[in-house]
Amino acid sequence: MKERTLNNGIAIPIVGSGTNTYGKEGNQYRGALRGDTQEIDWAIENGYRHLDCAQAYNNEEVVGEGIRKSFVPREEFFITTKLNTFEGCGGADWARAEIDKSLEKLQTDYVDLFLLHAPWDQDAEMLEAWRILEDYYNRGVFKSIGVSNFKKEHLDLLLEKSNVPPAVNQIKSQVGHWNEDLIAYDKMHGIATVAWSPLGGIDEKARKVLDEIGQPYGKTYAQVVLRYQIERDVIVIPKSHNQERQAQSLDIFDFELTASDRDRIAELG
Ligand code: A2P
């Protein structure tokens, strides 16, 4: 699996697996846990080693159990998880207790990348939360730290006031919403961009164009879109409830898009 190096020297596989519906009834985000680890088992079998989790998904235990059952050594995995900050941060004790729960559910004593899941409108609180992440980073419990869904102004706060700059900003980037400016801003500040839902936003028209671009290479529309992202240095975390499609999303390293392919893809949406 190809990797890239983050701004703190840690390597991250450039294709990972999203997990937010894995192990859930009806493959639905809000579904109850089914009690099995099917999609994680397939993903590991297919060769995924980067798994993107979050407290807000309510299924970190599915990922932890899948990894345990696989007997693949923990060090081979790159596990991301995120503090649930959709309603802000409930103080230092709350954050530390939530982090402990993540470690327990994931059955690990460290996380490769730990993110603030979303910004909120209290700068002082956001900085306080970041200081906690820095503390875990300094103690080696988090190998790298970053943010998700942060815009320029939120990044500026951390870039100015943090001791450890964010290594990653995980954002929406997909057909119809490439988020060019923010990706460029991340890059300018040494922050790697991870695209969530990289296969979203593809309507019939876009799919036809992407399939056409993929045809000479023997690749599907999804493989073309993922390839486009990694060629512009964006890390992708697609997810699928189908083992074959999971495998296809990893099979994007044996072709290269032309400048004209890239122009057509950039215009989609
Ligand atoms: P399915 O689970 O039926 O395969 P994202 O990760 O961007 O949120 O997108 C997930 C969606 O893309 C899912 O609906 C998934 O459906 C589909 N998907 C995932 N991988 C592929 C692929 N390689 N080819 C086509 N569709 C895919």
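Some observations on this one:
- All positions within the range 72-98 that are charged (D, E, K, R) and not in a helix (DSSP H, G or I): 82, 87
- In the range 241-254, residue surrounded by the most Cβ atoms within 10 Å (Cβ to Cβ) [restricted to those that are touching a residue at least 40 places away in the same chain (Cβ under 8 Å) and within 7 Å of the ligand (Cβ to nearest atom)]: 249
- Scanning the range 47-71 for residues that are in a strand (DSSP E or B) and in contact (Cβ under 8 Å) with a residue 60 or more places away in the chain, we see that the one that is surrounded by the fewest Cβ atoms within 10 Å (Cβ to Cβ) is 50.
- Residue 205 closer than 29 Å to residue 132 by Cα, surrounded by fewer than 20 Cβ atoms within 10 Å (Cβ to Cβ) and away from the ligand (no atom under 16 Å from the Cβ): no
- The range 214-231, residues that are in a helix (DSSP H, G or I) and surrounded by fewer than 18 Cβ atoms within 10 Å (Cβ to Cβ): 215, 216, 217, 231
- Residue in the range 34-46 that is part of a loop (DSSP other than H, G, I, E, B) and of a type in the set (A, V, I, L, M, F, W, C) present: no
- Looking only at residues in the range 190-199 that are touching a strand residue (DSSP E or B) at 6+ places or on another chain (Cβ under 9 Å) and open to solvent by 20 Å² or more (accessible area, probe 1.4 Å), the one that is farthest from the ligand (Cβ to nearest atom) is 196.
- All positions within the range 166-189 that are under 22 Å from residue 83 (Cα atoms) and open to solvent by 60 Å² or more (accessible area, probe 1.4 Å): 172
The values are calculated or read from the model by the stated rules, or taken from the named source; none is laboratory data. Small disclaimer: the values here were computed from a predicted structure and weren't measured. Don't worry about glycine lacking a Cβ; one is built from the backbone with ideal geometry, like all the others, and counts go over all protein chains shown. For accessibility, only protein heavy atoms count, side chains too; no ligands or nucleic acids. Shrake-Rupley method; radii C 1.70, N 1.55, O 1.52, S 1.80 Å.
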